[in-house]
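The values are calculated or read from the model by the stated rules, or taken from the named source; none is laboratory data. All figures in this text were calculated on a predicted structure; none of them were measured in a lab. Cβ atoms come from the backbone with ideal geometry, glycine included; neighbour counts cover every protein chain shown. Calculation scope for accessible area: heavy atoms of the full protein, side chains included, ligands and nucleic acids excluded. Shrake-Rupley method; radii C 1.70, N 1.55, O 1.52, S 1.80 Å.
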Amino acid sequence: PAPAPAPAPAPAPAPAPAPAPVPAPDVDFASLPGLGSEEYPGFSAESCPDEMPDLSLHHSLVAQVLKSNPAIYERMKGVKTKSGVSLAKIIKPGMDFKGHPMIKMVGLVAGDEECFTAFAELFSPVIELYHNFPGNLVHRTDLDPMHVDAAPVDPTGMYVESVQISAIRNLKGFRLPSAASFDERREVERLLTNSLSELTGPAEGSYFPLRGSSSYLLKPSGMALEEEKGLESLGALFQEPESSVLLAAGIGRDWPDARGVFSSEDMQSWAWINEEDHLKLFAEQSGSSLRGAFEKICSIESILGQSLAQEGHGFMQHPKWGYLTSDPTNLGPALRVRLVVKLPELSKRSDFKEFCKLLGVSAVKSGETWVISNIDGLGTSSAALVSSVAGACKFLIAAEQALEQGEESKRPGMGSEPLPLFRQLPVEGLPDLSSHSGAAAAVLRSNPAIYAELKDMKTPNGIPFSLVTAATLRLRGGVRSAALGVTGGGGSSGSKGLPGSIGLCAGDADCYEAFQKLFTPAIEAYHGISTLEPHPQAELSAAAVAGEAQGVIADPKGQLKVQSVRVQLSRNLKGLPFSPACSAAERREVERILTSALMGLTGNSAGNYMPLNGSMTYPVRPGMTSAEEQMLRSQNLLLLEPKALGSLACGLGRDWPEARGVFSTEGVAGTRLVAWINEEEHISFLATRSDGDLKSAFAAVCELEEALRTELEKTGHGFAQSERLGFLTAMPGRLGSGLSLRVMMEVPKLSASTGIAELSAPGLEVILRSVRPNGSTTVEVANRSSLGVSEAALVSSVADACLKMMSA
């Protein structure tokens, strides 16, 4: 039932005097923790203790940042914004609750607009960690409905039941709900109800204060019970916060005073006042016209903005982070796009939610339907967000229709086509890359003429510029190799000031020359070196490993343990397209050439080839057995399907698992040795050990690479190589030697505050893993780059850096 119509509110009602809030008849909110006038019990919201609390067992992002740099706490503990918001107030949720190591909560709340600058040392890294939004990027706002396709998502009307778009906004000049005073909250309600009363046409409506609120003169006890039931039945009502984290943030204080719902007469748009934020707008309609809902919400926001401006107010916006919100997870467009969709066949897949995630949307079951909504936020404009969700839902509906016809429906990016990307590129000019990370995006931003010159070009073999730049142009995060560039935690001493990824993939060897004007500056920016000098001669000999450790990482005192070492060497065959551009037939040819040569090896390099389960391209045998797959998985040597959006956008998952497999050798004592075929590169040699003998793992890889190279030469084949860039790879982060090294160590007494990243050598990256139950800390060390340094020298450098950390 629709809620009973309420009298139209009088224009500009003045706030009522501030008597004690009148609770709803059935709940005494004032007596409940966090819902009365006092802060939620626990960590003080007023002031911080002199010493930073023990955060060793806390897993929130704010705890992670403070643990990695305790000096932030020392500098910020006495800081307050002009309106009185303290560090204690904004970190209280993260201090009161430890969080879960597998589900990272933010643990940080904004109390006012100034928090984002006054406490930037804390907000910036937390925002960067949550949103994967590096500090040099800028969010762009686009509220133009004309930038969204007018066509319905579901022209048949059989799958999409309804669409809904919501937008969060907060008023400049007021503290946010987490820190707002009783009177401030009432003034926000007065301003917003006045502005909402100016809406006309279908958006015209009435304001319903929550039951028990005494702040609105026309309804001094809040909405009637029948009105509450009506709003609730339509999903337009909000309740008091039940989450302890929200209560600790201060969202529930003085509940339910000065909170309410403004609803249009047609019940297709409504607004929440003083819930988690000052204002949350909703537009909903039947059918699948996302542009229609977007037009509605943009129109309402525009009218409210004009009305507030006349009162000297406006919405909070940040030049870098877009619309500001109480919860940093909602920054940017502060927009949520939802569609209620029927997908009975597709949703039977055990990996349905992962299927959706690859398309940039989440899926939540609701009865017999699914609510599909956006995952992206900060860094994606409102119009682009609506368009991407529309594209994702069209893909899901097409997959559902294929299943209805008895056809197969592969995961996005794992069929014959790369991952579909729904961002439309402009016909003229460079796409907006202001919120895109990676070296290639930075190069194009600084010199758009490069894009104009290269965008229509192809290599001699027909590899288009659009393929090598697909991830950079259409995905915020670009693409990076799965095996290089460890990030997070302890940071990196060797990569300060360098981009986290290149953002390009090479479809063949000619890409490095045909698109040199983009590839070269992006490669140099990422690797931090000039490519004018030739890459050093290959030094694939364990005998050449030198340095203090001599390639063997061991604690002289015998107290610290190296958990594992891993060596990976990547190569591609000359004359054939690389993995991003291989056709199914070319991928089979790569498999044939390599397996024929590998099966001819003897001695330590002899072994067996096991195609991936489901691959039918190897004539000698079908895919590997469950036992073989489990064995490789237990050793972390199984070739796994790509899941990163950038990798799938580059085509690395096409036709999976066809013509992919693992060549497994007997290895040598203590070393597990395999070769992956048709992963990111044509072949990757991998050796692992459960100790610190990096040199022996390197020796095993060198022996297998040399044996295969010799065997390939007998049939006229070899590895793609360049004097300037060394061995050529599909992922430019692996250029040079193609060598990737990883070392996992337990260092019980070493904490993030030790400045562990500063102990590593230039060119290395270090991540401090979570503390284990036994009190030990795990450190992972990896080389960022293999360009400009020989293989043996790189092994020496990594081993010596690890030894130095052990000594610390």
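From the list ALA150, ALA167, ALA180, the lone residue that is within 25 Å of ALA293 (Cα to Cα), of a type in the set (A, V, I, L, M) and either modelled with pLDDT of 95 or more or buried (at least 21 other Cβ atoms within 10 Å of the Cβ) (or both) is ALA167. The C-beta contact set for segment 550-577 (first residue in contact (Cβ under 8 Å) with a residue 12 or more places away in the chain and among the basic types (Lys, Arg), second residue part of a loop (DSSP other than H, G, I, E, B) and surrounded by fewer than 17 Cβ atoms within 10 Å (Cβ to Cβ), distance under 6 angstrom, 6+ apart or interchain) comprises LYS574/GLY718.
Let's see how each residue does on (1) at pLDDT below 90; (2) exposed (fewer than 15 other Cβ atoms within 10 Å of the Cβ):
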site	(1), (2)
PRO7	yes, yes
ALA12	yes, yes
PRO33	no, yes
GLU39	no, no
GLU46	no, yes
ASP54	no, yes
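Taking (1) surrounded by fewer than 16 Cβ atoms within 10 Å (Cβ to Cβ); (2) under 28 Å from the mean Cα position of the chain (by Cα); (3) assigned to a helix (DSSP H, G or I) in turn, ASN136 satisfies each apart from (3). Among the residues of segment 238-257, is there at least one that is touching a strand residue (DSSP E or B) at 6+ places or on another chain (Cβ under 6 Å) and either of a type outside the set (Gly, Ala, Ser) or open to solvent by less than 40 Å² (accessible area, probe 1.4 Å) (or both)? Yes - at least one qualifying residue is present in segment 238-257. When segment 389-403 is filtered for residues that are surrounded by fewer than 24 Cβ atoms within 10 Å (Cβ to Cβ) and in contact with a strand residue (DSSP E or B) (Cβ under 7 Å, 6 or more places away or on another chain), nothing remains. Checking each residue in segment 651-684 for being open to solvent by less than 10 Å² (accessible area, probe 1.4 Å), more than 18 Å from SER634 (Cα to Cα) and part of a strand (DSSP E or B) picks out ILE677, ILE683, SER684. Could you check ALA585 against (1) open to solvent by less than 10 Å² (accessible area, probe 1.4 Å); (2) closer than 28 Å to LEU419 by Cβ and say which number it fails? Tallying (1) open to solvent by less than 10 Å² (accessible area, probe 1.4 Å); (2) closer than 28 Å to LEU419 by Cβ, ALA585 fails exactly one: (1). Within segment 32-39, does at least one residue satisfy the condition of being touching a Pro at 6+ places or on another chain (Cβ under 6 Å) and under 17 Å from ALA249 (Cα atoms)? Within segment 32-39 (the criterion being touching a Pro at 6+ places or on another chain (Cβ under 6 Å) and under 17 Å from ALA249 (Cα atoms)), the answer is yes, since at least one residue qualifies.
Given the criterion at pLDDT 95 or above and at positive phi, identify the matching residue among GLY99, GLY94, GLY107.
On the way: GLY99 fails: at pLDDT 95 or above; GLY94 fails: at positive phi.
Exactly one residue qualifies, and that residue is GLY107.
Scanning segment 691-746 for residues that are among the basic types (Lys, Arg) and open to solvent by less than 40 Å² (accessible area, probe 1.4 Å) gives a single hit, ARG734. The helices (runs of 4 or more DSSP H) falling completely within segment 370-486 that include 3 or more residues that are closer than 24 Å to ALA293 by Cβ map to 382-404.
Within segment 326-337, can one find any residue that is of a type in the set (A, V, I, L, M), within 30 Å of ALA399 (Cα to Cα), buried (at least 22 other Cβ atoms within 10 Å of the Cβ) and in contact with a helix residue (DSSP H, G or I) (Cβ under 6 Å, 6 or more places away or on another chain)?
Taking segment 326-337 first, the residues of a type in the set (A, V, I, L, M) are 331, 334-335, 337.
Of the ones still in play, those that are also within 30 Å of ALA399 (Cα to Cα) are 334-335, 337.
From what's left, buried (at least 22 other Cβ atoms within 10 Å of the Cβ): 334-335, 337.
Still in the list and also in contact with a helix residue (DSSP H, G or I) (Cβ under 6 Å, 6 or more places away or on another chain): 335, 337.
Yes - at least one qualifying residue is present in segment 326-337.
Within the set LEU787, LEU704, LEU803, LEU725, the sole residue that is under 23 Å from VAL674 (Cβ atoms) and at pLDDT 80 or above turns out to be LEU704.
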